[in-house]
Amino acid sequence: LKSLEVAEIPSYESKESPKVLGGIKIGLRKLVVVTGASSGLGRECARSLVNSGKYFVIMAVRDVDKGKAVAKKFNFPENSYTVMKLELASLQSVRDFVANLKAFKSARPLTHLVCNAAVYLPKDPKPSWSDDGYEMSMAVNHLGHFLLVNLLLDDMKKAKGARCVIVGSITGNTNTVGGGLVYPKADLGKLKGMESGGKQPIAMMDGKNYDGAKAYKDSKVMNMMTVSELHRRYHKSTGITFSSMYPGCIAETQLFREKRQWFRKIFPLFMKYVTGGYVGEQEAGERLAQVVDDPICSKSGVYWSWNGGAQTVGRYDASGKPKGAGGSGGEIFENQQSDAVQDRDMAMRMFDLSFDLAGISEKEKTKDGPEPDNML
């Protein structure tokens with residue numbers, strides 16, 4: 001794993017005249033938003049980026065006090081970050097966050113956006129609903145981030161080397177052991193749920209009965225489809241790099257807090273010693289930070305993974321390279337997405353329906369992308 005080198009924050013402030021955001025001098029550091037930055041993968045990504053000295057991190061979190069406590073616990077320099085309220089289960093909160101972000105940063109463009117926050121509700125017998133009436137996994141994992149990205153595209157295109165990273169998962173990639181052999185499988189069907197408006201009482205995007213585990217997997221499919229479609233529509237015209245990634249199985253993350261206690265004890269051991277897919281939170285966060293920072297990851301439209309310990313139990317392509325990777329160690333590589341994720345017609349339709357469900361007007365859509373029918 002290529003970790004970001006730790007640098008002294010002041011070294012970036014001493015060059016040229018200091019840039020001021022919300023009263024904070026940030027020098028030449030790049031602006032990055034990390035959603036879900038108060039715990040797990042997002043916290044460790046934020047920590048890695050702060051420690052590099054190259055980034056000013058905007059921690060976008062539900063609980064501002066918790067975010068501040070995390071920054072204090074991990075000794076983030078006061079001039080290296082700020083904490084801002086973002087509730088992805090509320091489309092109005094997403095809009096409020098964007099407005100507050102723009103006021104805070106003034107004319108300085110956002111250079112990096114990391115869409116990491118997620119909920120996983122596998123044992124809920126009935127769906128939970130967002131403020132806008134959408135099933136919670138769909139609302140937080142997909143629609144909230146979809147709106148956030150689209151509201152920030154016009155700002156990000158002003159930045160040199162801008163990147164947008166959306167965290168994916170092998171659970172939504174059915175060409176892997178974790179996504180293809182563990183039920184329920186991700187399956188958007190014919191998007192009947194989205195076609196019907198996607199709101200209560202509709203809980204699943206395929207229009208079928210609610211299943212909490214499948215709702216999460218479906219949302220991850222939509223995350224990866226969204227990256228592919230953002231790349232096809234907007235990369236050439238905006239210069240923004242759009243990527244998804246899978247950091248490995250963080251078996252002890254708070255994402256599994258809804259699972260039963262026996263599962264939370266056994267699952268990490270299973271992933272460590274049976275599948276080899278286990279990766280710790282810090283290493284996973286460094287991997288996400290690598291996709292943000294590493295020149296290797298400047299290529300757009302890629303699903304990044306690491307060929308660590310899990311390659312011994314993954315599936316392989318014709319050349320013998322792992323498709324479903326993960327686990328600690330190894331090197332970064334361009335992973336292969338499932339046929340379902342690569343379904344162009346499905347991705348286009350899902351993307352267009354998401355515009356409607358997220359309440360994005362024609363005026364708010366970036367005008368820099370080609371018409372979908374003309375995309376290569």
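Below, the figures for the structure above:
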{"read-out": "Hits in the stretch 158-187 - residues which are buried (at least 20 other Cβ atoms within 10 Å of the Cβ) and at pLDDT below 95", "value": "Gly168, Ser169, Ile170, Thr171, Gly172, Asn173, Thr174, Asn175, Thr176, Gly178, Gly179, Ala186"}
{"read-out": "Close pairs (9 angstrom Cβ cut-off, 6 or more residues apart or separate chains): in contact (Cβ under 8 Å) with a residue 60 or more places away in the chain in the stretch 212-234, assigned to a helix (DSSP H, G or I) and of a type in the set (Val, Ile, Thr) anywhere", "value": "Ala213/Thr171; Tyr216/Thr171; Ser219/Val140; Lys220/Ile170; Lys220/Thr171; Thr226/Val149; Leu230/Val149"}
{"read-out": "Selection from the stretch 180-216 of residues that are out of contact with any Lys or Arg (no Cβ under 7 Å at 6 or more places or on another chain) and part of a helix (DSSP H, G or I)", "value": "Gly180, Lys192, Gly193, Met194, Glu195, Ala213, Lys214, Ala215, Tyr216"}
{"read-out": "Matching residues in the stretch 68-88 - criterion: being exposed (fewer than 14 other Cβ atoms within 10 Å of the Cβ) and under 19 Å from Gly22 (Cβ atoms)", "value": "Lys72, Pro77, Glu78"}
{"read-out": "Pairs where the first residue, in the stretch 191-211, is at pLDDT 95 or above and among the polar types (S, T, N, Q) and the second is surrounded by fewer than 17 Cβ atoms within 10 Å (Cβ to Cβ) and in a loop (DSSP other than H, G, I, E, B), C-beta under 7 Å, 6+ apart", "value": "Gln200/Gly133"}
{"read-out": "Evaluation of Leu143 against (1) under 21 Å from Val292 (Cβ atoms); (2) buried (at least 24 other Cβ atoms within 10 Å of the Cβ); (3) of a type outside the set (Val, Ile, Thr) (one fails), failing number", "value": "(1)"}
{"read-out": "Verdict on Ser219 being over 19 Å from Tyr303 (Cβ atoms) and at pLDDT 95 or above", "value": "no"}
{"read-out": "Odd one out for Tyr234, checked against (1) at pLDDT 95 or above; (2) surrounded by fewer than 21 Cβ atoms within 10 Å (Cβ to Cβ); (3) under 25 Å from Ala340 (Cα atoms)", "value": "(2)"}
{"read-out": "Where a residue in the stretch 336-358 is closer than 30 Å to Gln92 by Cβ and its partner, wherever it lies, is among the charged types (D, E, K, R) and buried (at least 18 other Cβ atoms within 10 Å of the Cβ), with Cβ under 8 Å and at least six apart", "value": "Ala347/Glu229; Met348/Glu229; Met350/Glu229; Phe351/Glu229; Phe351/Arg233"}
{"read-out": "Search result, residues across the stretch 18-51 that are at pLDDT 85 or above and of a type in the set (A, V, I, L, M)", "value": "Ile26, Leu28, Leu31, Val32, Val33, Val34, Ala37, Leu41, Ala46, Leu49, Val50"}
{"read-out": "Of all residues making up the stretch 338-376, the number that are surrounded by 14 or more Cβ atoms within 10 Å (Cβ to Cβ), at pLDDT 75 or above and not aliphatic (A, V, I, L, M)", "value": "11"}
{"read-out": "Yes/no for Asn335 being crowded, with 18+ Cβ neighbours inside 10 Å, in contact with a Lys or Arg (Cβ under 7 Å, 6 or more places away or on another chain) and modelled with pLDDT of 60 or more", "value": "yes"}
{"read-out": "Scan of the stretch 217-241 for residues that are more than 13 Å from the chain's Cα centre (by Cα), assigned to a helix (DSSP H, G or I) and of a type outside the set (Ser, Thr, Tyr), ordered by number", "value": "Lys217, Asp218, Glu229, Leu230, His231, Arg232, Arg233, His235, Lys236"}
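Yes/no per residue for (1) at pLDDT below 95; (2) surrounded by fewer than 24 Cβ atoms within 10 Å (Cβ to Cβ); (3) under 27 Å from Asp294 (Cα atoms):
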position: Ser90; (1), (2), (3): no, yes, no
position: Lys102; (1), (2), (3): no, yes, yes
position: Asp124; (1), (2), (3): yes, yes, no
position: Ser128; (1), (2), (3): no, yes, no
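The values are calculated or read from the model by the stated rules, or taken from the named source; none is laboratory data. Here the structure is a predicted model, which means the values were calculated and not measured. Note that each Cβ is placed from the backbone with ideal geometry, even for glycine, and that neighbours are counted across all protein chains shown.
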